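Peer 1: Below is a structure I'd like to ask you about.
Just so it is clear, none of the values below were taken in a lab; they were calculated from the coordinates. What you see is a predicted model; the values in this text were computed from it and never measured. Counting neighbours? That spans all protein chains shown, and the Cβs are built from the backbone with ideal geometry, glycine included.
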Amino acid sequence: MAVDVLLGLQWGDEGKGKIVDVLTKEYDIIARFQGGPNAGHTLEFEGKKHVLHTIPSGVFHRDVLNVVGNGVVIDPVIFKGELDKLIAQEPDVLKRLKISRKAHLILPTHRLLDAASESAKGKKKIGSTLKGIGPTYMDKTGRNGLRVGDIQLDNFLELYDQLVTKHKQLLSGYAGFEYNLDELEPTWFAAIEYLRSLDIIDSEPYFHTNLAAGKTILAEGAQGTLLDIDFGSYPFVTSSNTTCAGACTGMGIAPNTIKNVYGIFKAYCTRVGSGPFPTELFDTTGETIQANGREFGATTGRPRRCGWLDLPALKYAININGVTELMMMKADVLSGIGNLKICTAYKYNGEIIDHLPYKLQDDLIEPIFTEVPGWDEDLMQMTSEDEFPETFNSYIAFIEKEVGVPITLVSVGPDRAQTILRK
Ligand code: GDP
Ligand code: IMO
Ligand code: MG
């Protein structure tokens, strides 16, 4: 009867994929509502690791349906690659996958435009995953985009040519940017043929009918709140609404159908790509967190920048999304690193503030930290909160008190089984 939304409260990679997989058994349908192959959602179970980019993380559960919603942007080549891998392990996966007719398509020229734009920006580059996300959403809002439903039209090739002609004009504005589209198009068109054979649906009535029939839906966010196009650290953001409102526009569901909003955050912070990061660590502690947490991008392999937990940013994210329950990830990574710091406010232009300022610029912001004792125990081996060391319980209590929302789930390792529900 209701939709629950699960989303990241930081700069992405909070562990959304793992938790969606853990929660899937409670739902009938899992849906992605925004982003595209810039996402990398990691799931681990039975000794195997899986990384999903466009396909919802409920896909390993055989009696649950997975929908790629209208707000998602799809690169057919990456999508086919993901499915080829999945089918090798889950032969009937296509039976439980549906794709919205209104999802937009990433063309090879969108990827080229992404690359050209980033290289033209030089030092000011966003640090994009170069999957063509920005240019595809630009065409969507510019009302030029191609959608999945268009591949079922007789004049699809004509529509494709019209858009590519525009893109070629844009690319000619980037002096010295060379490309060979002829090399990219055959694979793309082969993947389009494949996409055509899949279950393409009008996803919004599909959700409505299922909700009316009493089914439960979990909406799976990609990226994180601080990468949201409106509310993130603009311009160092992605091009979609990663926040709860994005589930409404990216699935066609009404706000009052949303019940629980699960906000996922790491016990520290990470960021991949450029942009401000007030609590970033540049010392050996940061290196230890990066190494212990295996903080390397699931999509690009780039090292993730690491820093302390940032509560003003977390509170902001909780408010934007209406988070009802918090889920804390990767506290196991902090074991044995000594005292921990938590940012509770910022010094900004000589003033103490406890909110995110408009100009989130590292040289203007100085985080104010509270130091708390850490823990040495290996949380990864624990199976119930009764085993948690006292200092870890205090860390949890400190955060809950500051933000006013309960932490109902604690993840202590990458595996599905390393998940502890709190009473
Ligand atoms: P997502 O994009 O939010 O789904 O997150 P990613 O998959 O990009 O990154 C999270 C990484 O942390 C993955 O490698 C996960 O396997 C791993 N992970 C998730 N939860 C935990 C945890 O509680 N502890 C540890 N050590 N690793 C975790
Ligand atoms: P998941 O879903 C972390 C970052 C990129 C870059 C910025 C813009 O796995 O959490 P884009 O390719 O969207 O133009 O890149 O956003 N970014 C992510 N960072 N996790 C992600 O997804 C990300 N998707 C995009 O690094 O800084
Ligand atoms: Mg990720």
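Peer 1: If we count other beta carbons within 10 Å of each Cβ, what is the order of K266, K25, K347, K315, fewest first?
Peer 2: Values: K266 26, K25 10, K347 13, K315 20.
Fewest to most other Cβ atoms nearby, the residues stand as K25, K347, K315, K266.
Peer 1: Can you run phi through the Karplus equation (6.51, -1.76, 1.60; θ = phi - 60°) for the stretch 68-74 and list ³J(HN,Hα) in whole Hz, with x for Gly and Pro?
Peer 2: Going residue by residue, I get 8, x, 5, x, 7, 10, 10 Hz, with x marking Gly and Pro.
Peer 1: Which one of A317, V412, G374 has its Cα pushed farthest toward the positive end of the charge dipole of the chain, where Lys and Arg give +1 and Asp and Glu give -1 at the Cβ?
Peer 2: A317
Peer 1: How high is the FRET efficiency from K215 to L170, r the C-beta distance, R0 51 Å, rounded to 0.05?
Peer 2: In this case the efficiency is close to 0.75.
Peer 1: Okay, next question. If the only charges are +1 at each Lys and Arg Cβ and -1 at each Asp and Glu Cβ, what is the size of the charge dipole of the stretch 48-133 around the Cα centre, to the nearest 20 debye?
Peer 2: 260
Peer 1: Binning at 10 Å from 0, report for the stretch 1-116 what percent of all alpha-carbon pair distances ends up in each bin.
Peer 2: Calculated over all Cα pairs of the stretch 1-116, the distribution is 13, 47, 33, 7, 0 percent.
Peer 1: Which whole number of Å³ per residue matches the convex hull of the alpha-carbon atoms in the chain? Kindly include the intermediate steps, with their values, before the conclusion.
Peer 2: Values: hull volume 60.4 nm³, N = 423.
Given the Cα convex hull of the chain, per-residue volume reads 143 Å³.
Peer 1: Here's a follow-up. State the Kirkwood hydrodynamic radius of the stretch 82-124 in Å, one decimal place, computed from all pairs of distinct Cα atoms.
Peer 2: 13.6
Peer 1: Ranked by Cβ crowding within 10 angstrom, fewest neighbours first, how are D230, D114, D13 ordered?
Peer 2: Sorted ascending by nearby Cβ count, the order is D230, D114, D13.
Peer 1: Roughly what % of DSSP beta bridges within the stretch 260-341 run antiparallel, to the nearest 5?
Peer 2: Bridges in the stretch 260-341 that DSSP calls antiparallel: roughly 50 percent.
Peer 1: Can I ask one more? Please give the net charge around V20, taking every other residue with its beta carbon less than 12 angstrom from that of V20, where Lys and Arg add +1 and Asp and Glu add -1.
Peer 2: Details: positive: K16, K18, K25, R32, R416; negative: D4, E14, D21, E26, E220.
Combined, the nearby Lys, Arg, Asp and Glu give 0.
Peer 1: Filter the GluC sites (Glu not before Pro) in the stretch 1-92 down to the DSSP loop ones having no more than 13 other Cβ atoms within 10 Å, then list what survives.
Peer 2: E46
Peer 1: Which value at 222 nm does the chain reach when only helices count, each DSSP H run of 4 or more adding -39,500 (n - 2.57), with the total divided by all residues and rounded to the nearest 500 deg cm²/dmol?
Peer 2: Estimated from H runs of four or more residues: -9500 deg cm²/dmol.
Peer 1: Just the number, please: percent antiparallel of the DSSP beta bridges in the stretch 292-397, rounded to the nearest 5.
Peer 2: The antiparallel fraction comes to roughly 85 percent.
Peer 1: Follow-up question, since we're still on this one. Residue-wise, which Karplus ³J(HN,Hα) couplings in Hz belong to the stretch 413-419, taking 6.51 cos²θ - 1.76 cosθ + 1.60, θ = phi - 60°, and x for glycine or proline?
Peer 2: Along the stretch 413-419, the couplings run x, x, 6, 3, 6, 7, 9 Hz.
Peer 1: I would also like to ask the following. About its Cα centre, what dipole magnitude does the stretch 1-41 give when the only charges are +1 on Lys and Arg Cβ and -1 on Asp and Glu Cβ, stated in debye to the nearest 20?
Peer 2: Value, rounded to 20: 80 debye.
Peer 1: Quote the relative contact order of the chain in percent (integer), defining contacts as alpha-carbon pairs under 8 Å separated by 6+ residues. Before the final figure, lay out each step's value.
Peer 2: On the way: 913 pairs, mean separation 87.0, N = 423.
For the chain, the relative contact order is 21 percent.
Peer 1: Just how large is the dipole of the stretch 196-311 about the Cα centre, in debye to the nearest 20, putting +1 at every Lys and Arg Cβ and -1 at every Asp and Glu Cβ? Could you put the intermediate results ahead of the total?
Peer 2: Numbers: 9 positive and 11 negative charges, 43 e Å.
Using only the charged Cβ atoms, the result is roughly 200 debye.
Peer 1: Take the Cα atoms of the stretch 166-240, build their convex hull, and give its volume per residue in Å³.
Peer 2: 185
Peer 1: Right, here's the next one. Of all the stretches in the chain, which is the longest one without any exposed loop site, taking chymotrypsin sites (Phe, Trp or Tyr not before Pro) in a DSSP loop (any state but H, G, I, E, B) with at most 13 other Cβ atoms within 10 Å?
Peer 2: It runs 1-281.
Peer 1: Sorted from fewest to most neighbouring beta carbons within 10 Å, what does the list I342, I133 look like?
Peer 2: In order of increasing Cβ crowding within 10 Å: I342, I133.
Peer 1: Enumerate the amide H contacts of C269 below 5 Å, restricted to partners 5 or more residues apart or on another chain; note that Pro and chain-start residues carry no placed amide H.
Peer 2: Those lying under 5 Å, H to H, from C269 are G307, W308, L309.
Peer 1: Something else now. From the cross-link list K330/K401; K16/K330; K315/K341; K215/K423; K25/K98; K25/K259, which pairs have alpha carbons spaced over 23 Å apart?
Peer 2: K215/K423
Peer 1: Here's a follow-up. Relative to the present Cα-Cα distance, how much length would full extension add between R196 and F156 at 0.36 nm per residue of separation?
Peer 2: Length difference between fully extended and current span is 13.2 nm.
Peer 1: Please list the non-local residues whose amide H lies under 5 Å from the amide H of Q34, H modeled 1.01 Å from N, same-chain partners needing a gap of 5 or more.
Peer 2: For Q34, the qualifying residues are A222.
Peer 1: How big is the Kirkwood radius of the stretch 298-423, worked out from every pair of different alpha carbons and given in Å to one decimal?
Peer 2: Hydrodynamic radius (Kirkwood, Cα pairs) of the stretch 298-423 is 16.0 Å.
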